[in-house]
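Novice: I am attaching a structure below and will ask some questions about it afterwards.
The values are calculated or read from the model by the stated rules, or taken from the named source; none is laboratory data. From a predicted model like this one, the values you see are computed outputs, not experimental measurements. In this analysis, Cβ positions are derived from the backbone assuming ideal geometry, glycine residues included, and neighbour counts consider all displayed protein chains. Calculation scope for accessible area: heavy atoms of the full protein, side chains included, ligands and nucleic acids excluded. Shrake-Rupley method; radii C 1.70, N 1.55, O 1.52, S 1.80 Å.
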Amino acid sequence: MNKSSIYTVMVIISLIIVSCQKEAKEPGKPYNDLVYNIYMGGKLAGYQKSAIGEDGSYYYTYEYNDRGRGPKINERVTLNEDGIIVHHEIFGHNYLKDTVNEIFKVENGIATWKSSSENGEVKFDNVSFFSAINSSYGVQDLLIKKLLASSDKEVKLLPSGSIKITSIDTHIINDSINLKLLELSGQSFTPTYAWIDKNDRFFGYTSSWFTCVQKGYDSIAKQLQPIQKQKEEQYLKNLSKSLVEIPSGKILIKNVKLFDANTKKVRSNMFVLLNGDKIERVSNIEIKESDNLHIIDGSGKMLLPGLFDMHTHIDETDGIMQLAAGITSVRDLGNSSNLPELKENFDTNKLVGPRILVMSGFIDKAGPYAGPIGTIINNLEEGIKAIADYHNKGYKQIKLYSSINPEWVKPLAKKAHELGMRVSGHIPAFMIAEQAINNGYDEIQHVNMLALNFLSDTIDTRQPLRFTMVAEHGHKLDFESREFKSFVKLLKEKDIVIDPTVSIFDGMFTVKAGVVNPSFATILDRLPLSVQRGYYSGGLPIPEGKERQYKASYDKLLGIVNELYKNGVTIVPGTDSMAGFGLHTELENYVKAGIPASEVLKIATSVSAKVAGVAEHLGTIEEEKLADLILIDGDPLVNISDIRKVELTIKNGVIYTPKKLYDAIGVKHFR
């Protein structure tokens, strides 16, 4: 079906929805037409409409705007008399504006499904409930109804897996609104949550980043959020108790190869003694064993300092993935106001997670493309106050975002520097990187922001143009030009740190729907089947005939990383993607870009520690430093991908076993 036909179908479906504003004439609880409001970071960003038509089918529309991105879809769903989907069609576009054309149907006893990213067929069992890739919250209604009717509160899903209600909590809000909070397990690493109303209809979902709630009840969403969050945290706290091993005495790691992040060399047959949260001794002379030592035999393995992920937006559910991947320290570059509380929970092992070494205060200007979190300001004075507020709460860095007025950058940076804070971020719209640096930036997030420096200062980078313009024109970048060389020289002279997050552009620029995201191709079979499906959804809409051009533009981004390294510009490894595995991919891509593996490991340890301001305590394996180490079953200096083979993680002298961590969230260990 061509785009014109899809548009026609969308219009027809929309008209049907509008014309079918009546209650379903079916037994049991009524299915009234409902409208939901969608908020991004507290700002109204879209809607969800749910209705039933005269033909008995259910119709849904779903749309929201997230900084110029966001889906817009129309759905029609038909159930049989047993409440099982027998027809489901979805038209529109997805989050990155690529065309959605997904259909499921049952004919002659055969269930078939087809979308831009997958297709299949099985014998229809009249039990399994189809789970679409691009579905809206509307179908939650139908699935919840089926789950509640099931004797064990569990439903098999197509194409695979199942979903189960593992708890139902009743709440009365404002003394009159009866709601239930459902905990749903089986479709992600940890449970997901949904609120239902007195008619067992989907009422909403709430978080600091994204909220969907029935229209008319918007004001109580903030009351629901802490209730839901407490439920989420309690699950993870209960889980964490079984995943933390606190030794009763000292830890001895013996006969191990040790990566020295200072020299980038490997020292063989080493003995490392840990005493509480400190490294007591590092020696090539055998340390005598005793009964009160916790012995770890490192024969044939390599000991490294704990890894750093320098670009996260971490939440409670990420902690397990981070430590399992050997990441003991992270920097957060924009989050909700409860970040200090999360940091405390990780530090005290109430929740399993890494050290949050740097909290960055997020600031953007109010407007249609403002960021979804942090402090949204209307004028410079509010920005100055926001910086002071962040500083008083223990934040060490300020991240400026795309809608900030270019004229505000210099005074905002001046205020941050007066308080001893670093300044980083996106390059504001209608500004280029060189200007931001000269106005006070200490660091730049995302390598595409460097490529945009050579395009134009008239590009509205608040929108996805910051991606598409680079995909269209990045391949023409000339590293030998005087303009490029002058810019790289400026980065070096000003000691600007670059956080490339280069791997996310591989998934954006190089694959269409139906092809696995290359950033996670090697570990996809380790993930739950329900999670795997999302990594075939593709990236930016790639115009026909421009596949090689977009791939060449991504290769240029790798080339920029290489040029930065060759010219001595400081690079730190950040992900802005899947916790844990995303960092492994980023490090692999640095090697692919031409950086030696030994240097990449240094970047991920001692260099990051220096940039984070903690080199005195972390980043290398030395006596008196904090006991953050990882044991690798392999040699990442020979094969950087061995960084994925984490056998043991020690953070602050506490032992975490990656296999146990992964088992707890349904992920397979590398073995």
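Novice: Got a number for the accessible area of LYS625? Probe 1.4 Å, square angstrom, nearest 10.
Specialist: In the full protein context, LYS625 sits at about 20 Å².
Novice: Also: Quick one: angle between helix 221-240 and the longest Cα principal axis of the chain, in degrees between 0 and 90, rounded to 10, please.
Specialist: 50
Novice: I've got another one for you. What is segment 56-137's relative contact order, in percent, from Cα pairs under 8 angstrom and six or more apart in sequence? Can you show the working numbers first?
Specialist: Values: 167 pairs, mean separation 18.1, N = 82.
Here the relative contact order equals 22 percent.
Novice: Here is a follow-up. For TYR395, TYR39, TYR565, write out the residues from largest to smallest accessible area, computed with a 1.4 angstrom probe and no ligands counted.
Specialist: Numbers: TYR395 15, TYR39 45, TYR565 70 Å².
Final ranking, largest accessible area leading: TYR565, TYR39, TYR395.
Novice: Can you work out the accessible area per residue across segment 571-660, with the rest of the protein chains kept in place, probe 1.4 Å, in square angstrom?
Specialist: Working: 2580 Å² over 90 residues.
Dividing the accessible area of segment 571-660 by its residue count gives 29 Å².
Novice: Would you please classify the overall shape of segment 88-178 from the alpha carbon gyration tensor, given that a ≥ b ≥ c denote the square roots of the eigenvalues, rounded means a/c under 1.5, and beyond that prolate means a/b larger than b/c while oblate covers the rest? Can you show the working numbers first?
Specialist: Details: a/c = 2.89, a/b = 1.44, b/c = 2.00.
Oblate, because a/c is 1.5 or more while a/b does not exceed b/c.
Novice: For SER299, SER50, SER337, what's the largest-to-smallest order of accessible area, 1.4 Å probe? Mind dumping the intermediate values first?
Specialist: Details: SER299 55, SER50 5, SER337 110 Å².
Largest accessible area first, the list is SER337, SER299, SER50.
Novice: Would you compute, from DSSP H runs of 4+ residues alone, the mean residue ellipticity of the chain at 222 nm, taking -39500 (n - 2.57) per run and dividing by the full residue count, rounded to the nearest 500?
Specialist: Working: 18 runs with 182 residues, N = 671.
Mean residue ellipticity at 222 nm (helix-derived): -8000 deg cm²/dmol.
Novice: Oh, and also: Taking a threshold of 20 Å on the Cα-Cα distance, which of the pairs LYS512/LYS546; LYS97/LYS512; LYS301/LYS566 fall above it? Don't skip to the answer; put the middle values down first.
Specialist: Numbers: LYS512/LYS546 12 Å; LYS97/LYS512 12 Å; LYS301/LYS566 31 Å.
Those over the limit are LYS301/LYS566.
Novice: Once the Cβ-Cβ distance between HIS171 and PHE479 is put in as r, and R0 is 60 Å, what FRET efficiency do you end up with, to the nearest 0.05? Write out the running numbers ahead of the final one.
Specialist: On the way: r = 59 Å, r/R0 = 0.98.
Efficiency, rounded to the nearest 0.05: 0.50.
Novice: Would you mind computing Rg(Cα) / (2.2 N^0.38 Å) for segment 438-480, counting N as its residues? Numbers along the way, then the final one.
Specialist: Numbers: Rg = 10.9 Å, N = 43, 2.2 N^0.38 = 9.2 Å.
Working it through for segment 438-480, the quotient is 1.19.
Novice: Among bridges DSSP assigns within the chain, what percent are antiparallel (round to 5)? Let's see the in-between values first.
Specialist: On the way: 97 of 129 bridges.
Among the beta bridges of the chain, antiparallel pairing accounts for roughly 75 percent.
Novice: Additional query: What percentage of all Cα-Cα pairs in segment 418-465 are separated by more than 13 Å? Could the numbers behind the result be given before it?
Specialist: Numbers: 594 of 1128 pairs.
Cα-Cα pairs in segment 418-465 separated by more than 13 Å: 53 percent.
Novice: Can you give the accessible area of GLU472 in Å² (nearest 10), computed on protein heavy atoms with a 1.4 Å probe?
Specialist: 40
Novice: Sticking with this one: For the chain, how big is the tail of P(r) above 45 Å, as a whole percent of Cα pairs?
Specialist: Values: 50441 of 224785 pairs.
When every Cα pair of the chain is considered, 22 percent fall beyond 45 Å.
Novice: For the chain, give the percent of accessible area contributed by carbon and sulfur heavy atoms, probe 1.4 Å, rounded to a whole number. Please report the intermediate quantities before stating the final value.
Specialist: Values: 13260 of 27090 Å².
Answer for the chain is 49 percent, counting heavy atoms of protein chains only.
Novice: Can you pick out the pairs among LYS414/LYS494; LYS229/LYS414; LYS72/LYS215; LYS343/LYS660; LYS264/LYS414; LYS288/LYS651 whose Cα atoms lie more than 26 Å from each other?
Specialist: Details: LYS414/LYS494 16 Å; LYS229/LYS414 37 Å; LYS72/LYS215 18 Å; LYS343/LYS660 22 Å; LYS264/LYS414 37 Å; LYS288/LYS651 24 Å.
In this structure, LYS229/LYS414; LYS264/LYS414 lie more than 26 Å apart at Cα.
Novice: Which order do the peptides 139-147, 520-528 take when ranked by the mean count of other beta-carbon atoms within 10 Å per residue, highest first? It would help to have the intermediate numbers written out before the result.
Specialist: Values: 139-147: 21.2, 520-528: 16.4.
In decreasing order of mean packing, 139-147, 520-528 become 139-147, 520-528.
Novice: Let me ask another. Determine which lysines satisfy two conditions relative to LYS153: a Cα distance under 16 Å, and not lying fewer than 8 residues away in the same chain.
Specialist: LYS145, LYS164, LYS180
Novice: Here's something else I'd like to know. Take peptides 229-242, 162-175 and line them up by average Cβ neighbours within 10 Å, highest first, as a rough protection proxy. Please list the in-between numbers first.
Specialist: Numbers: 229-242: 15.3, 162-175: 13.4.
Sorting 229-242, 162-175 by mean packing, highest first, produces 229-242, 162-175.
Novice: Here's another thing I want to ask about it. Could you tell me the relative contact order of segment 117-226? Use alpha-carbon pairs under 8 Å, at least six residues apart, and round to a whole percent. Walk me through the numbers on the way to the answer.
Specialist: Numbers: 148 pairs, mean separation 17.8, N = 110.
Normalised by residue count, the contact order of segment 117-226 is 16 percent.
Novice: While we're on this one: How large is the accessible surface of HIS88 in square angstrom, using a 1.4 angstrom probe and rounding to the nearest 10?
Specialist: Taking all protein chains as shown, HIS88 has close to 0 Å².
Novice: Counting only protein chains, not ligands or nucleic acids, how are TYR535, TYR401 ordered by accessible area (probe 1.4 Å), most first?
Specialist: Ranking TYR535, TYR401 by accessible area, largest first, yields TYR535, TYR401.
Novice: Give me the distance between the Cα centres of segment 329-345 and segment 228-305, rounded to whole Å.
Specialist: 25
Novice: Going down the list LYS114/LYS231; LYS105/LYS231; LYS265/LYS396; LYS231/LYS659; LYS114/LYS198, which pairs span over 29 Å between their C-alpha atoms?
Specialist: Numbers: LYS114/LYS231 36 Å; LYS105/LYS231 37 Å; LYS265/LYS396 32 Å; LYS231/LYS659 25 Å; LYS114/LYS198 35 Å.
Check vs 29 Å cut-off fails for LYS114/LYS231; LYS105/LYS231; LYS265/LYS396; LYS114/LYS198.
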